1. If you fit an axis through the alpha-carbon atoms of helix 85-94 and take the longest principal axis of the Cα set of the chain, what angle between them do you get, 0 to 90°, nearest 10?
2. Using the number of other C-beta atoms within 10 angstrom as an exposure proxy, rank VAL171, VAL74, VAL131 with the fewest first.
3. Of the listed values [x] 15.6, 47; [y] 16.7, 55; [z] 14.8, 41, identify the label whose number matches Rg and Dmax of the Cα atoms in Å calculated from this model.
4. Go ahead and estimate [θ] at 222 nm for the chain from helices alone: -39,500 (n - 2.57) per DSSP H run with n ≥ 4, summed, over the residue count, rounded to 500.
5. Pairs of alpha-carbon atoms within less than 8 angstrom and 6+ residues apart define the contacts here; what relative contact order does the chain have, in percent?
6. List every residue whose amide H lies under 5 Å from the amide H of PHE100, counting only residues 5 or more places away in sequence or on a different chain, with H placed 1.01 Å from N in the peptide plane.
7. Quick query: amide H of SER43 versus all other amide H atoms, modeled in the peptide plane; which residues come in under 5 Å with a sequence gap of 5 or more or a different chain?
8. Just rank MET139, MET163, fewest to most, by other beta-carbon atoms within 10 angstrom.
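What follows draws every value from the coordinates through simple rules; no lab data is involved. Being a predicted model, the structure only gives us computed values, none of them experimental. For neighbour counting, all protein chains shown are included, and Cβ atoms are generated from backbone atoms with ideal geometry for every residue, glycine included.
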Amino acid sequence: MIAVRHCSATGQESDAPLTEEGCRQAQKLAHFLKRYNFNILLSSPFKRAIDTIKPYAELTHNEIKTDKRLAERVLSTQTDPNWDWKFHLERTYKEEHLKFPGGESSFEAKQRIHSLIKELEDAGHHSVLLVTHGNLMSMLISLYEPSFEFKEWELLTNPDVFMIDSLSKDVTRLSVV
């Protein structure tokens with residue numbers, strides 16, 4: 001399985017498009033990924049994720065399917081401008097069941113992504129491309145590499161690509177050149 005964090009986008013809203021640089025990144029990503037043969041392409045329903053993989057889907061004549069379990073994790077619906085979301089996000093990596101108003105705990109996010117992975121494996125899909133968001137991708141990686149925590153999340157880039165072997169639990173960051 002290969003997991004991709006979306007390319008550079010104009011914002012965090014579900015309908016935020018890619019930036020001009022993000023569009024160039026998506027083209028580069030498409031050419032990088034064409035060496036792989038996926039039997040299913042699954043994307044977050046967010047526009048920036050779909051737009052990230054669209055050039056690859058067009059290049060390889062593959063269909064993009066969306067799954068809401070790949071949507072970004074909501075930390076909180078807190079609207080106070082003084083709320084330090086990054087501080088609270090870091091806490092959720094240490095306190096897996098910590099949940100803020102309107103949000104999802106790390107444990108819940110991991111359960112969500114794990115249910116998708118299990119469903120794909122049970123259906124015989126072993127060559128899978130997933131397109132998601134930074135925080136959820138970090139939750140996915142931590143299922144296989146528990147040392148992947150807040151500091152590693154901070155080092156993620158747009159886009160970022162990881163190969164995950166669920167049998168060996170091997171996680172490898174791929175360089176999109």
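1. With rounding to tens, the tilt is 80 degrees.
2. Going from least to most buried by this count: VAL74, VAL171, VAL131.
3. [x]
4. On the way: 6 runs with 71 residues, N = 177.
My calculation for the chain gives -12500 deg cm²/dmol from helical runs alone.
5. 31
6. none
7. LYS65, THR66, ASP67, VAL131
8. Going from sparsest to densest Cβ surroundings: MET163, MET139.
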